[in-house]
């Protein structure tokens, strides 16, 4: 398996508890959000910026994508590309409290940092969080959400059906000790198979055309038990 870059760092602000996404009823149904082209972060630890660009390329983020193109890049173009994603990552490192910024230091960034970057740029109006697995799925039924989790060696290697797993307890401990996880987008759920579909940014060669499936039970562990976070971007004009 080729080693790929990740870059998500844990930054949990206690004040985020005051910004919980509204409670929604979780419907036991399958769903899949339309998305734009698969991106490739290469060897850059910029997964937060690339995950944000993937979110902006979704159909539910059309207003936010238009804002990015108009307000930030001063252009008229549809989908974001790697240059856009790298720019978002750079802004996220500046919003984070860590002792570096990109460039020159490729030290990664956090889900909170990229949320602050998008809001500061005027691309989103606010950002909220989910604090239970059911609410993560309930919000995900409405729109794609950005998810930061640990990332084990096993998770980087989808099987022939595109399914990934957390792996062994040794691999989980190694990922936790390593301190750097991964940011990605929750795109859909196959309710009948109890699988979530995630959009990654490791090119279309990875998994199922750049995406993978993960059992809901294992995803719940990754998000709830191992310092995960789920960011729900808000666009007032699209409500």
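No value in this document is a laboratory result; all are computed from the given coordinates. From a predicted model like this one, the values you see are computed outputs, not experimental measurements. Cβ: placed from backbone, ideal geometry, glycine included. Neighbour counts: every protein chain shown.
The distance linking the range 20-52 with the range 175-212 is 9 Å (Cα centroid to Cα centroid, whole angstrom).
Test of understanding: express the Cα radius of gyration of the chain as a ratio to 2.2 N^0.38 Å, with N the residue count. Mind dumping the intermediate values first?
On the way: Rg = 16.3 Å, N = 239, 2.2 N^0.38 = 17.6 Å.
With N residues counted in the chain, Rg over 2.2 N^0.38 Å equals 0.92.
Considering all different alpha carbon pairs of the range 113-167, the Kirkwood hydrodynamic radius works out to 13.7 Å.
In what order do 231, 35, 73 fall by count of nearby beta-carbon atoms within 10 Å, going from fewest to most? Mind dumping the intermediate values first?
On the way: 231 29, 35 21, 73 13.
Placing the least packed residue first, the sequence is 73, 35, 231.
Take 89-95, 211-217 and order them by the average number of nearby Cβ atoms within 10 Å per residue, most first; the result is 89-95, 211-217. Could you tell me what percent of the DSSP beta bridges with both partners in the range 43-238 are antiparallel, to the nearest 5? Bridges in the range 43-238 that DSSP calls antiparallel: roughly 95 percent. When Rg and Dmax are taken over the Cα atoms of the range 100-239, they come to 15.3, 46 Å. Its alpha carbons give the range 60-162 an Rg and a Dmax of 15.6, 42 Å. Across the range 16-105, the fraction of Cα-Cα pairs farther apart than 14 Å, rounded to a whole number, is 70%.
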